[in-house]
Each structure stands twice: as structure tokens, then as C-alpha cells.
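The values are calculated or read from the model by the stated rules, or taken from the named source; none is laboratory data. Nothing here was measured: the structure is a model prediction, and the numbers come from that model. Reconstructed Cβ throughout: ideal geometry from the backbone, glycine too, with neighbour counts over all protein chains shown. Remember, those area values only see protein heavy atoms, side chains included, never the ligands or the DNA or RNA. Shrake-Rupley method; radii C 1.70, N 1.55, O 1.52, S 1.80 Å.
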Amino acid sequence: MKTVITLNINGDRYEVAVNPWRTLNEVLREDLKLTGTKLGCGTGDCGACTVLVDGKSVSSCLTLAIELEGREITTIEGLAPNSEELHPIQESFINKGAIQCGYCTPGMIMSTAHLLKQNPRPTEAEIRAGLSGNLCRCTGYNKIVDAIKDAAEKMSSSSD
Amino acid sequence: MSLPKFSYLAPDTLEEACRLLAAHQGKIKIKAGGTDLLVRMSARAFKPDYVLALGKVAGLDHITFDPRTGLRLGAMAKLADVVDHPAVREHYPMLARAAKATATVQIRNMGTVMGNICNASPSADNIPTLMVREASVIALAATGEREIPLAEFFLGPGKTALQPTEIATEIRVPVPEAGSGVSYQKISPRSKVDIAAVNVAAFLLLDGERRCRQARLCLGAVGPTPLRAPRTEDFLVGKELRPEVLEEAGELAAGEATPISDVRASKEYRRLMVAILTKRALVEAHNQALHH
Amino acid sequence: MSKNFSVVGQSLPRADARIKAVGAAQYADDIILPGMLYGKLLRSPVAHARILNIDVSQAKKLPGVKCVITGDDTLKIKFGNWRLVPESQDEYPLAVDKVRFIGDEVAAVAAIDKDIAEEALSLIKVEYEELPGVFSVEEAMAEGAPVIHELNPNNISLQRKIDYGDLDKAFAECDLILDNEFKVHAVSHAYMEPCACVAEYDHNGRLTVWTSTQTPYFVQCLLAKTLGMRENDIRVIKPFVGGGFGGKMELRKWEFCAAFMARQTGRPVKFTLTRAEELATGRRRHPMSIRSKVGFKKDGTLVAKEFTAYLDGGAYNSMGPTAAFLCGNFGGMLYRYPNYRYNGYHVYTNKPPAGAMRGFGAPQALFVAETQMNMAAEQLGIDPLDIRLKNAMETGDEIPGVATISSCGFKESLLKVAEMTNWREKRRQLGKGKGIGIGCYSFISGGVFNWFNTQYNFTRAEVRAFDDGTVHLLTMASDIGQGCDTVLRQILAEELGLKMEDIRLTAADTAVTPQADLGTWGSRVTLMAGNAVRKAAQEIKDQLYKVVSLKFDLNVIHDLDCRDGMVFAKNRPDRGIPFGEAVRLAQRANRGEPIIGYGSYTPRGKGLVTPAFSFGAQVAEVTVDMETGAITVDEMNTAHDCGTPINPMSVEGQLEGSVHMGLGYALCEQFIMKGGKTLTATFLDYKIPCAEDMPPGKSVHVETYEPDGPFGAKEAGEGLVSPTAPAIADAVYHATGYRCTELPITPEKILRGLGKL
């Protein structure tokens, strides 16, 4: 039996009827057509489906939508303030060549958002450890690490 | 693959949870973080009719430390919160190390220490350190509560001493004794982010002359459950950790392991690694004990 | 050579980075159409069996199921990429009579949602008569082995030969002969985007298919053949693609099923693979059993090589014929081998088919070649660097009957990487758990051999110019993440003197973009599509130069140029007008006809293999824990010659990605199988390197100018997947004394090799 729940996603409230076995990833992609969040494995290993729930990174493929009533969900679509401006992490990913095929990118960026919230000035080792749940097959990660360093610098200097 | 169909039960109280569990015995799975349960369900390894989620039960995510009674981890305490908890870091640094060695950032934000224990995987990161610290699990049923020592908790891969009507609500870890030290060693040779091919925890309590007054070892991923190594432990008692003692302890521990070959390692490699990791764990535990 | 470029050579951000960064880029699975059905494939649970009966009646009765098909519903037309050799086309769209590996597609359903589609699969009853299977080339070639395809009673589907010089005589003159056996394993492309496609029927005889592919044209042609339709009644569109690495360059069963079922039901049909399907049944790099005999003179001069490879092709040919061919070419490349013989055998086994994968025969051939160079250097007492310098190819060298090397920066790469890593000193001094090792490569810039048997040019571009100063580039070149949408824009912007933002690009849509392009594989796009774009741009310029010459009444001796948005006389920049104005005048001068340029490229007179070769050298430094055998790659440094990089940042990105894939091949990626069943079908069990596993390292582009490439460019980033494994293997040998001849290099093998296990 479906349950009607209200999800708070990127500041908007969506009312959806879900079966209990419906994952957040399915609700985002199929019901709400917020397809920026990807699905790469379905087992929580690749991180392409990463979103923030109450500011923390989680795998949307292993999260039941029914459990998210009242929680604050942020997806890649909710990161940039508007279509003109980008979030500094997005800017850095673009400028530093951290994006190739782009399929891991939304998840990488959401993991970065979580990382920099927890640790605004991470060392390179901390950045790499912070990406433990995000696989990329194109870049070899180095330019992603560069982008995260760049974003951390911009974000912490602007908040100083 | 999508998840199989199930009915979702999310009680507000433990009493209600116990009632539901008893009512649907054999057809129900308990969900804490869900990071393991949902993976197995989507692979159709489990097809429960009911999923009993503990997320709405208040007060299950506590992490508390009392210098007289020790550490208590609620069933819903997340791995990430255990890693970051100041009391855990101060008094149980190896628990924090093991929690941090578990899976990935996202999984640690979702998964719980209790879930890792109750899945009863022989390679679980969080079991060995808790085992050598002589932790116990509180099991609650409608009929009452009991405390199960971790040493008696694991019956086989995926099998625990929990009754079908019981919910594991809390992990209790005794106060670290002065002069004791613990180490957690893990080898996953393919990647920095991987399930352990072998893991070992060691606990040592030293006497005034740096001899082992107590020794406990737990060997992971080398048997159907995480294994204590009683012969090695007995051997160590009363001894100083000289190189030849370490060597022999490593060999003894390897002899107590009963590994199999799988996608991560062969049984021969695992057995050898038990010896190596045991030695490394003993050395570190010894150092910890000296500084504690 | 003039290096006075404005756009070429710039490390510009990718043109599609922004849309990807905000999550707005649409990949195939992101497409949701009204009334769309969800498709699922039923796969064989057994490795080798005759199909006795398939009963779909219960599945069809399930409410919400709209279509169920088996091989019997299809035209039963075999297909494959090797259209030039029709008997090599050995796959049916859905199994007919037999299944040949665990995962072979047997039936498909389309239903109103995924849950129903999955339930319907469980209601299809297939009766199999199991047959004995073969799971290695040795088993497959054994006397009396079970036959997988009737056409090939010995399970060898084809043999390739290369032979030049006088081998027997040459070996007789050698001072040192190495004769070694090697085994290399299968690995997955592991692109992050699982394959997906959506097909839509227009109720008027035509289909549109959006699919995650590297080769829209192949899909179009082979769909037409298998569906019994005309090619141009099928439109294939490549949306954003989340990586391919060779794994998405054939017609796949789900593309056929989506198209067939969309036509049948009149509703759009989507298929999306799970990661488990990808890993357990998907294409992979060919495992090979290799024997290589190589002979040297005392001074290290290479004299002869006899190279024999048995490719474990799995159940179907797939791209195996090309792999068998190229493996032999790569075995004789890089160094001067005056006498060379190659025999390659493509062998069927009851495993998921191997196909094209990054490097395409090179990682295997070069693991062997480079390891033997290191062995020979040791036995002859020569530094591995020097033995390479002695035999390295140079510009102008010929591979007999195969190719001429028109640009080569191999020696420079060797010297550069040695300097970057302090090679000579470290090679002498390191030891006991620390090691330094070298591996090298050469690679192709696209293929010459027309196995797809296209009647079109290999690639083609159309450029439309407008009076607002913009141009529109149309090309079927397929960006799958490697960045050709950016690089082709850079080439066009350079040629026309425009800015990146002046260029609109439409790519990879078979109904709109010019016929044809063979797709993205073999590192062909930058060179081939780049040349086509330049030629199209030149046609535009010819039209504009006429009117500018007329307007300024230029003397015939003037050269004209396009730069900074202007069209002008080269030595009289004042005599020029803005690009858009020139377009307007040119249109006026020709009664409104649009200003369009076409360009195409097909390699001719470039030998049998490729128009251009790239080269490089890589040095690995490792630490091995002598107790556990655990390997840490401390550094990975590279110097390579990719001609002139069009976008250096993009080249670096490709290179770093190559190191990642090479590292996985060397150390941690492996399909573990039992009786044809894959035991490593998740990313937990099939381990690709994570961010913490990646070593630091620098890379240097040794610039050359490739005369056949656009602005001097040639291959970058594919060949580099090859040197990593031999370099690490050599470093591990240097550190421990264990020489790996069977990939991957694992701690267990090291300890066993050292007698510790």
C-alpha cells in the first residue's frame, strides 16, 4: 500500500505516494524527474547517487523514501543558487578539469559539499579519504582532488 | 535491481517493536541503517514480508561514556558519530579506528555499529575490537531484557544468539583498565576501501613488569565467526613481548584460524596474515598499554 | 611549425562541464517519455545449453505486461561489427536454439513499471538441456572439447598472422633468446553509467533510439539489419554518455529489444542495465595466454620475435577479430623488430564475450613485450632505459608492410621520464621492499582497416556559418566523456578565428549529423574528425575569402586569414571585416544561398593500421610490504608524445584516467569465475581503485608535430593504459625479486614467488 509523504527537497515540498520499498533514488529520478542524481550500482559502492540528508552525504539508492518525511534533502539540482550562479564547488570542478563523462560528478560534488562542511580546510589525504565512497573511471581522481582544494580555498577565504 | 515488496513497520517505542517482531517471527527483518539489509534484499538474498525500522524509536542513537560503567552505544548510533565522538576517541581509540575503517563515508553516515555486529559477518570491522574489550549486547524482548557477552553472540556467518523475538538495543563496553591497550589491524590488499581479507584485534593488560597479565585476541575473516584465540591468549599470559614470544604467538594464532578461500584471498594467505597481523596488533596494544 | 594558436593548445574547461556540474546533462536513463514502458532481459542461468522450450504464457498474462519476446519472435538474423566477414557475425538478437554463457539473453519483457517487468521475468519458464562447457582457451582447444558454434568445430573462430623477415635465420644469430609464457586476465570497462536506451516508434514506420553508445552509426546499421528495416528509418541519438572505454561500440541486445518492442507496442520502451548485469555479463578486455620468444644481440639489439597469442574470446566474436589483429601489431611496435612473426587465435569459451577495451590488444601485448625488455636488460647487464633507447623507433621508421612512423617522440619521452624520476640513481640504489620500474607504449590514432565495411567516409563534418558571427558544427563524432565535443570546437574555433562560444555543436544524431562516422574507438576521433572539421572550415573560408578579396579589391598575391572574429588580408589587417559581415556578403553575392562547408576524412596511403602513432614511457615507484606482500604505488611518472595537444588539461585528464585503469589492471581488478559464473558482480567484489589508491605523479607532454593530424595532434590517453602494468611489475621485481608473468600482481603471488607462502 502506498503512503503519501511530503519530502523537502532543495527547499521545495513535494507530496508523493510511495510504496515502502521505493528508494529515494527512484523517487527522485522517476517520480520527481530530478535526474541529476545518478544511479551507478545500487549497492552503495560507487557514490553516483549521493545526496545530502540533513547536510550529511548518503547513498540515495540505499535510503527508503518513506523514512525521509521531515528531513531536509539536497540534490545536485539544489546546490547552485540560480541558473546564472554556481556553487563554488561546481565552479572548481568545471575549471580544474574534474569533469569528464560527468556521470560520477553529481555524487562527487555532493560528497565534496559534505566533506567541506565537516572539514573546511582538508589536507590532500583527507580529501581522498572523503571520496572513499565515490568511484570515478575517467579522471583518475587527481583533477577532482585539485578541484576540491580549489573550492576549499575559495569557500574558506570568502567565509573568513 | 529494485527492492522486493515488503510491509514497512516503524514503531515509536521498543515495546511496540518487540510486539511486532514477535507477531511476525520468521517473516520480518530489523532495519537499523539498512546499508547491508537493503543490499541483500535487492540481491534477493532476503525476502522478508515485513521490515521493522527502528528509526522512529526515540533514544536509540545514544553514545554515552561513564567512567564507572563504560561506554554505551545505542542500536541506532551511526558509524560516523562513533568515529567522531570525543569519549570514544579518548577512551576507545581502536573502536573509532575500526568504525572509520568500515566501508565509505556515505555508508558510515547511514550505517550503525550495531548493524555491523548483528549482520554477523566474519569480516566485520567493528567486531574484533569490541570482542577483545569484552563488550556485550543488550537484547530486548516483550518478556524482558538480557545481556549477551559478545563472545557468545556469534553462531555462524549471519547467525547470532539473538532470539527471533529479540531486538539488540545497546552495546556495552566496560571501562578500559589502567595499563591496558588495544590494537586493530586490518589487511585489504586490493584497495584502501575494502572489506577486510583478515582483521585482528588484540587486547593486553600489562603488569608492573611489562608482562602480559591478560591477553585477548580476535581474528576476523578467518572462520565462520570472528574467532577468539584462547591458546594464543593463554600462551601470552605471564610473558614479556620479546621477539621470540611474538613470533610464537603469531604462529599459534595462525594455527587457531580456520580460513577459507574466496574472492578476497586464499586460505593460505589468510592464515599467514593472521600471524603477521597478530604480531603487529600485539606490538601496538603493548605500546598503547604502556601509555595508558 | 607555427605555434601561434589562439584556441588550440589552450587548457579550456570542457564545453559540457557546466551542464554536467549542475546535474542537467541527460544520459539515456534520464530520458522519461510519456507512456514509456520498462524493459527487462531474461538471461541464461547456465553456461552452455540447448533451449528445448520457452513458455512465456504466464508472463504475458500478468497485468501490466505489454510485450514478451523470445528469439522466435525475431527475424533470427545474426549480426556483428565485422560486416566485412559475414561468417564472423555470430550473435542473434535473442538466443536461438542455444545459450553459450551465463547471461546470454534469452527473452525480454516490457511492462508499465519495473516491478512488474521483473515479476514477469520470473514467470517465463525455459527448459534447458545442459551441455558441457569450456572455460579457458586450453579447455576449448583440447581434443574432443564441446563445440560452442557449429561453424568452428575446434572453437577457434579465427586466426591472424603477421610475418616478416627471416625468423629462423635471425634467431640463429642471437646471443640471447628469451622464451616465456604469460597470462593476462579479463577486466571490466566499469564505466560509471550502466548501459541504457530508450526507443520510440512514430507510428509511421520509423524508430528513434536514444542509447548510451560510442557508435551511433553501427547501432543504426545493425538495428536496421536485425529488424528488417531501412537504415534511414532508424534514427539513433547519442545523449550524454557516462564513459565507454570500448564497451559500448556494438549493437547490444537491449537496443534491439527496446526498438523491437517499441515498434510492437507503439509505446516508448526503456532498458537500463543493473551493475550486476554489467559486471557479470558485460564485455571485458580479452584474457590471453601468450608465448613470446624474443632474441637479442649481446649489445641489446633486438633481432627477432615470435609472438603467439590465444585470445579467450568468450561465447561470441564481438570485437575479437580486431583485438586479435591489433595485438599482433602492438607486439611488433615500439621497437625495431627486423624479424617478426605473430600468430593470434581467437578462441570461443562459455564465458561472457570479451570485446573492445581501452588499448585494444595493446595492454596484453605490451605487458609481455615490456616485461621481456626488462628481463633481457637484466640478463645482458644493460640498464632497461638503455636497451630501450637502443631499439626505440624513430620518426621515419617503417613497420614492414604495415606503416610508416611519421612522428615519434619515443626517445625523448624515455630520456624525459628518466630525468623526472632520477631513474639511473634510483635503479641502482633502491632495493629491499622499494623498487622503480619502467614500461612504455605506442598506440594508434584510429584504424585504417574497414571491417565495418562502411560505404561512407570514415568521418565527416558540416559547418554552417551565419551572419551573426556564429557557426554550427554538425558531426557524428561521439563524445562519451573523452571530450571531443570540446576538442572539435577548439579546432574549428582556431581554423575560423572564432571563440568557443561562437560555435554551436550538434553531434551524434544519425538523422541530423552528416553520414557517417565510425564512432569513438581506437583513439580515432581527434585525428580523423579533427581533420574533417578543418576541411569543412577551409570550405567556409574559401567562400568568405572571395568576398573579402572583392570588397577590398585585394591583389591576388594576398593571403587571407580568419582571426579574432575578423576575416582579413594577412599582412594588411586593416583590410578586413568581421566574420559575420563576411558571411552576410558571401550570401548576398550568391542570392541567399547558405554558407556551408563540408569536410571528410578517410585515411588513404597510410598503411594497414593507422595514420599516426603516439609513444610514451612511464616509471613506477613502489613499496612492497615484505611480510604481507601489500603493494603501494608511491609514484607514477609519465612522459609521452601525443603530437601537439589540442587541450593539454584534457590530455592530462585522459592520462590520469589511464593510470587509474592501468593500476586496476595491474593490481586489483579481476573477474573471479567458477564454471562460467562470475563471483565478482558488485563494485564491492570487483575492485576499481578509489581516490586513496591513486599514486601521485607528474606527466610531461613531449611535443611533436604529427603531419597527418589536425594542428599536429594524434592519439592521447588510450595507449597510456598499457605501460602501467609492466612498469609496476618491473618495480615490484626491483623491490622484491618477484617477476610477474601472470596478471594481476597480487600480494599472494609475491609471497608465493618469494617462497614465503
With point charges of +1 on the Cβ of Lys and Arg and -1 on the Cβ of Asp and Glu, referenced to the Cα centre of the range B:7-53, which listed residue (B:20, B:42, B:53) lies farthest in the positive direction of the dipole? B:42
Starting from the Cα of residue B:260, move 7 Å in the Cα-to-Cβ direction to define the label point; list residues of the range B:205-247 whose amide nitrogen is under 16 Å from there. B:220-227
Just how large is the dipole of the range A:89-160 about the Cα centre, in debye to the nearest 20, putting +1 at every Lys and Arg Cβ and -1 at every Asp and Glu Cβ? 180 debye
How high is the FRET efficiency from residue A:17 to residue C:559, r the C-beta distance, R0 56 Å, rounded to 0.05? 0.20
Give the cross-link partners of residue C:714 among the aspartates and glutamates, using a straight C-alpha distance below 13 Å as the criterion and excluding same-chain residues fewer than 8 apart. C:641, C:703, C:706
Loop-located trypsin sites (Lys or Arg not before Pro) in the range C:383-456 whose Cβ has at most 13 other Cβ within 10 Å (DSSP): C:432
Please give the total accessible area that chains C and A bury against each other, computed with a 1.4 Å probe and expressed in Å² to the nearest 100. 3900 Å²
At 7 Å along the Cα-to-beta-carbon direction for both residue B:40 and residue B:58, put a label point, then send me their distance in nm to one decimal. 3.2 nm
Estimated 222 nm signal from helices in chain C, with DSSP H stretches of n ≥ 4 weighted -39500 (n - 2.57), rounded to 500: -8500 deg cm²/dmol
Roughly how many debye, to the nearest 20, is the charge dipole of the protein assembly as shown about its Cα centre, given +1 on each Lys and Arg Cβ, -1 on each Asp and Glu Cβ, and no other charges? 760 debye
Amide H contacts under 5 Å for residue B:31, restricted to residues at least 5 apart in sequence or on another chain and with H modeled in the peptide plane, are B:52, B:53, B:54
Between residue C:468 and residue A:10, how high is the FRET efficiency from 1/(1 + (r/R0)^6) when r is the Cβ-Cβ distance and R₀ = 35 Å? Nearest 0.05. 0.45
Near-label residues of the range C:241-284 by backbone N, under 17 Å of a point 7 Å along Cα→Cβ of residue C:62: C:270-274
In whole Hz, what ³J(HN,Hα) sequence does the range C:269-282 give by Karplus (6.51, -1.76, 1.60; θ = phi - 60°), x for Gly and Pro? 10, 10, 10, 9, 7, 7, 5, 5, 5, 4, 6, 8, 10, x
I need the trypsin sites (Lys or Arg not before Pro) found in the range C:567-667, filtered to DSSP loop residues with at most 15 other beta carbons within 10 Å of theirs. C:570, C:591, C:604
For the range B:63-173, build the charge dipole from Cβ charges (+1 Lys, Arg; -1 Asp, Glu) around the Cα centre, then report which of B:161, B:141, B:94 sits farthest towards its positive end. B:94
Under 22 Å from the Cα of residue C:161, which lysines turn up, not counting those fewer than eight places away in the same chain? C:169, C:183, C:293, C:305, C:606
Could you tell me the number of lysine pairs in the range C:485-587 with C-alpha atoms less than 18 Å from each other, where the two lysines are 8 or more residues apart or belong to different chains? 6
Please compute the contact order of chain C in relative form: average sequence separation of alpha-carbon pairs under 8 Å and at least six residues apart, divided by the residue count, as a percent. 16 percent
For residue C:718, the residues 5 or more places away or on another chain with a placed amide H closer than 5 Å to its own amide H are none
Any lysines with Cα under 18 Å of the residue B:31 Cα? List them, leaving off those in the same chain fewer than 8 positions away. B:5, B:47, B:56, B:78, B:159
For the range C:245-290 and the range C:502-556, what is the separation of their Cα centres, given in Å? 33 Å
With all protein chains present, the range A:47-132 has a carbon and sulfur share of its accessible area (1.4 Å probe) in percent of 46 percent
Inter-label distance for residue B:143 and residue A:72, nm, one decimal - labels placed 7 Å from Cα along Cα-to-Cβ: 4.7 nm
Considering the dipole of the protein assembly as shown built from charges on the beta carbon (Lys and Arg +1, Asp and Glu -1) around the Cα centre, which of C:543, C:254, C:229 is farthest to its positive end? C:229
Residues in the range C:59-98 reached by a label modelled at residue C:151 [backbone nitrogen below 14 Å; 7 Å Cα→Cβ]: C:77-93
Quote the charge dipole size of the range B:63-173 about the Cα centre in Debye, to the nearest 20; the model charges only the Cβ of Lys and Arg (+1) and of Asp and Glu (-1). 240 debye
Of the cross-linked pairs A:56/B:27; C:248/C:411; C:687/C:749; A:56/B:192; C:20/C:66, which ones have a Cα-Cα span greater than 28 Å in the structure shown? A:56/B:27; C:248/C:411; C:20/C:66
B plus C alone minus the pair: what accessible area, both sides summed, probe 1.4 Å, in Å² to 100? 2100 Å²
Calculate, in nm to one decimal, what residue C:26 and residue C:679 gain on full extension: separation in residues at 0.36 nm each, minus their alpha carbon distance. 231.8 nm
FRET efficiency (residue C:204, residue C:180; Cβ distance; R0 60 Å; to 0.05) is 0.45
So which trypsin sites (Lys or Arg not before Pro) in the range B:227-291 pass both tests, a DSSP loop state and at most 16 other Cβ atoms within 10 Å of the Cβ? B:239
Inter-chain Cβ neighbour average for residues B:189-202, partner chain, 10 Å: 5
